[in-house]
Structure formats: structure tokens, C-alpha cells
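Reviewing the structure listed below.
The values are calculated or read from the model by the stated rules, or taken from the named source; none is laboratory data. Quantities reported herein were computed from a predicted structural model and do not represent experimental measurements. As a convention, Cβ positions derive from the backbone with ideal geometry for all residues, glycine included, and neighbour counts pool all protein chains shown. Ligands, DNA and RNA are stripped out before the accessible areas are found, and what is left, the full protein with its side chains, is counted by its heavy atoms. Shrake-Rupley method; radii C 1.70, N 1.55, O 1.52, S 1.80 Å.
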Amino acid sequence: MSAGSRQGHQFVKILIADDSAVPRLILEKTLISLGHETATARDGTDAWTLFQAFQPDVVLSDWLMPGMDGIELCRRIRGLDTDRYTYFVLLTAMTELEHAVTAMTAGADDFMVKPFDRSRLEATLISARRVTAMHDELRDQRSDLVRLNSLLHDDARRDPLTLLGNRLRMDEDLAAAASRVERYGHAYCIALIDIDHFKTYNDTFGHLAGDETLRRVAQVLGGSVRIGDMVYRYGGEEFLILLPNQTLATAMDVLERTRAAVEALALSNPAKRPSESVTVSAGISESSAESPLDVVGWLGRADAALYEAKGGGRNRVVAYHAAAEAA
């Protein structure tokens with residue numbers, strides 16, 4: 001075939017399975033002359049091994065072969081867990097219609113009776129390319145949908161202003177953490193953080209400046225924690241940090257560093273003395289195997305500690321101690 005006559009055709013990888021050497025060689029030479037890439041197998045078992053290495057677009061398989069016949073080869077290929085589709089054609093000298101039905105039931109796409117001519121073969125391969133191209137397109141569309149769903153999932157759990165996890169993400173993660181405490185005995189701390197006198201800051205500088213302050217504080221919070229810790233916007237000017245495998249003492253160290261880092265931003269706050277900057281207060285609570293808490297109780301203790309921090313003058317970190325409550 002001349003180069004011009006090949007225009008419009010797309011060439012494919014074809015696996016030939018036939019235990020008869022002469023038909024196999026004739027078919028191979030014909031396919032090569034049409035520009036296709038080929039691999040040949042002497043029986044079904046050889047074809048099954050070669051199929052997995054060659055990854056063909058099309059299989060042309062004789063029906064009757066020693067060991068594994070064409071029907072079993074087709075069933076095995078169709079049973080693979082893969083997103084690639086292989087067009088399968090059974091070749092046979094049997095002309096009865098019920099054989100075609102058997103082939104299609106096994107998963108074959110086409111059924112060709114030997115001997116077949118070049119035009120019939122070309123027509124079959126054109127059809128094969130169309131079908132495999134359609135499956136490739138569907139596979140790509142599924143991949144695009146998976147990526148889009150992942151992006152939508154993440155966007156639905158991200159606060160648009162601070163880019164931290166939002167309340168939905170926080171609720172999911174806290175529920176998972178509480179479950180791990182109960183099931184595996186893991187220890188977690190949470191810290192509720194509030195920007196001191198933020199309402200006055202907003203009233204004086206406006207909401208745009210307030211939003212910028214929220215972003216700046218969020219960046220500091222995110223940069224002050226360990227890999228594995230999670231920071232969320234709890235709501236308004238409040239944030240929450242989830243600290244896996246932390247005790248109250250170690251969580252206090254983290255939050256003290258965080259508090260100092262926010263103060264070091266030196267953002268002027270008119271609600272305080274002119275020389276003072278924006279600060280945060282924080283309350284910490286722990287859930288552990290010794291004292292497991294549900295999410296509501298866990299948050300309640302952190303909120304009580306935060307209330308104590310604010311009542312004690314703000315710009316400080318307070319840990320909730322159950323023993324103090326009992327006293």
C-alpha cells in the first residue's frame with residue numbers, strides 16, 4: 001500500500017495467536033504490509049503471556065488451539081482489571097451461526113471465518129480502531145471526572161479567605177480523631193485560637209484590613225505547626241489546630257511559639273495601647289485513652305480554656321485540666 005493510500009488510517013498493535021504456522025505467517029505479513037505492529041503466539045498459553053507484555057490494541061486469535069483455546073484466552077483478557085480495552089477477534093473455519101454467538105458471549109468483538117481476504121481484514125481493523133479509540137476517550141473522560149471530583153471535594157473543605165481547612169473539613173477530621181482515640185488509644189490535643197479585640201480592629205480599619213489580618217494570622221498558624229498537624233478556620237476570627245500524638249505539655253509549647261509568632265507580626269491594634277500589636281489567645285484540651293472525649297465535649301473544654309485565657313488578660317495560652325474542674 002502506498003503512503004497516500006494509508007492517509008486516514010490509524011495503525012494499531014496486534015497480537016496474532018494461531019497454532020498453524022502458515023496461516024499465522026500469512027496473517028503477520030499482511031498486517032505488517034498494512035503498517036501495523038505485530039506479535040505472534042503459537043498457542044493460547046503463549047498468547048496469554050505475550051498479551052500481558054505486549055499490551056496490544058487488537059487480538060486476532062484462532063479458536064481451536066492446544067492448551068488454552070481462543071474462547072478461554074478471550075475470557076481471561078476480559079477478566080483483567082484494567083482501564084485499557086482490547087478488541088478481540090476470533091478466527092475459525094467453523095461457519096455455523098451458533099459459533100458466532102458463543103464467541104460473542106465469551107466477550108469477543110468480532111468473528112471471522114477462514115479463509116478471509118485482505119479487504120475483510122482491513123474493514124475489521126478499521127472497526128477495531130474506532131472501538132478502541134472510543135474506549136480511550138471514555139477512559140480519559142473518567143480520569144478527568146475523577147480529577148474534577150477531587151478538586152471539588154478539596155474546594156468544599158477549604159476556607160476561601162485563609163485557604164485553611166474550613167468547618168466541614170474540621171468536623172470530619174475531629175470525628176476521625178475522636179474515633180482513633182477510642183479505637184486505638186491515640187492521644188490528640190486541640191487548640192482553639194481567637195484574635196484578641198478583633199471586632200474593634202475591624203471597626204477601626206475596615207473589613208478589607210480585617211480580612212488581610214485574618215490571612216496573615218492564618219499563614220503564621222500554618223507555618224508554626226508540625227507536618228501532620230492541621231489548622232482550620234473555626235469561624236469569624238477563631239481558628240482551631242488539631243495536634244496528633246501531643247500531650248497538654250507539648251501542645252502548650254507549640255501554642256506558645258504560635259502566640260509569640262503572631263505577636264511578632266507587629267500588626268497595630270487600636271483596641272490596645274498604640275505600641276501594642278495584634279495578639280491571640282488560645283485554649284487547649286486533650287483527648288486520650290485515659291480520658292477519651294466526644295467531639296462536643298472536646299471542643300467544650302478547649303472553649304472553656306480559651307475563655308479563661310481571655311479572662312486572664314488575653315495574649316496567653318491556657319490548657320484545660322480536668323482535675324481543676326473536679327476540684
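When segment 39-53 is filtered for residues that are open to solvent by 30 Å² or more (accessible area, probe 1.4 Å) and within 41 Å of the chain's Cα centre (by Cα), the ones remaining, listed by number, are Thr40, Asp43, Thr45, Asp46, Trp48, Thr49, Leu50, Gln52, Ala53. Scanning segment 60-89 for residues that are touching a Cys at 6+ places or on another chain (Cβ under 8 Å) and either hydroxyl-bearing (Ser, Thr, Tyr) or in contact (Cβ under 8 Å) with a residue 40 or more places away in the chain (or both) returns a single hit, Ser61. Pairs are defined by a Cβ separation below 6 Å, a sequence spacing of at least 6 or placement on different chains, a first member in segment 124-152 that is over 16 Å from Asp110 (Cα atoms) and assigned to a helix (DSSP H, G or I), and a second member that is among the acidic types (Asp, Glu) and open to solvent by 80 Å² or more (accessible area, probe 1.4 Å); the pairs so defined are Arg139/Asp83.
Are there any pairs with C-beta distances below 7 angstrom linking a residue in segment 163-175 that is in a loop (DSSP other than H, G, I, E, B) to a residue that is modelled with pLDDT of 95 or more and of a type in the set (A, V, I, L, M, F, W, C), with the two at least 6 apart or on different chains, and if so which? Cβ pairs passing all conditions: Leu164/Ala218; Leu164/Val231.
For segment 31-39, the count of residues that are farther than 22 Å from His135 by Cβ and either in contact (Cβ under 8 Å) with a residue 12 or more places away in the chain or of a type in the set (D, E, K, R) (or both) is nonzero. For segment 203-219, a residue qualifies if it is among the acidic types (Asp, Glu) and either over 15 Å from Glu238 (Cα atoms) or surrounded by 16 or more Cβ atoms within 10 Å (Cβ to Cβ) (or both), and exactly one does: Asp203. Within segment 280-309, residues that are among the charged types (D, E, K, R) sit with their Cβ atoms under 8 Å from residues that are assigned to a loop (DSSP other than H, G, I, E, B) and surrounded by fewer than 17 Cβ atoms within 10 Å (Cβ to Cβ), at 6+ positions apart or across chains, in these pairs: Glu286/Thr247.
Scanning segment 57-105 for residues that are modelled with pLDDT under 90, part of a helix (DSSP H, G or I) and surrounded by fewer than 23 Cβ atoms within 10 Å (Cβ to Cβ) turns up Leu97, Glu98, His99, Ala100, Val101, Thr102, Met104, Thr105. Can you find a residue in segment 272-293 that is under 20 Å from Ile190 (Cβ atoms), open to solvent by 40 Å² or more (accessible area, probe 1.4 Å) and at pLDDT 95 or above? The answer is yes; a qualifying residue exists. Scanning segment 220-239 for residues that are in a helix (DSSP H, G or I), open to solvent by 30 Å² or more (accessible area, probe 1.4 Å) and in contact with a helix residue (DSSP H, G or I) (Cβ under 9 Å, 6 or more places away or on another chain) yields one hit, Gly223. Read through the list (1) within 21 Å of Lys199 (Cβ to Cβ); (2) in a helix (DSSP H, G or I); (3) among the hydroxyl-bearing types (Ser, Thr, Tyr), then give the number of the only condition that Thr258 fails. Failing condition for Thr258: (1). Is there a residue being crowded, with 16+ Cβ neighbours inside 10 Å and of a type in the set (Asp, Glu) anywhere in segment 180-200? Yes, some residue in segment 180-200 is crowded, with 16+ Cβ neighbours inside 10 Å and of a type in the set (Asp, Glu). With respect to Thr250, is the statement that it is under 32 Å from the mean Cα position of the chain (by Cα), hydroxyl-bearing (Ser, Thr, Tyr) and either open to solvent by less than 30 Å² (accessible area, probe 1.4 Å) or farther than 30 Å from Thr204 by Cβ (or both) true? Considered against the rule, which asks whether it is under 32 Å from the mean Cα position of the chain (by Cα), hydroxyl-bearing (Ser, Thr, Tyr) and either open to solvent by less than 30 Å² (accessible area, probe 1.4 Å) or farther than 30 Å from Thr204 by Cβ (or both), Thr250 comes out as no.
Restricting attention to segment 106-122 and to residues that are of a type in the set (Gly, Ala, Ser) and under 17 Å from Ser61 (Cα atoms), the residue that is surrounded by the most Cβ atoms within 10 Å (Cβ to Cβ) turns out to be Ala108. For Arg257, are the conditions met, namely being open to solvent by 40 Å² or more (accessible area, probe 1.4 Å) and more than 21 Å from Gly313 (Cα to Cα)? Against the criterion (open to solvent by 40 Å² or more (accessible area, probe 1.4 Å) and more than 21 Å from Gly313 (Cα to Cα)), Arg257 does not qualify.
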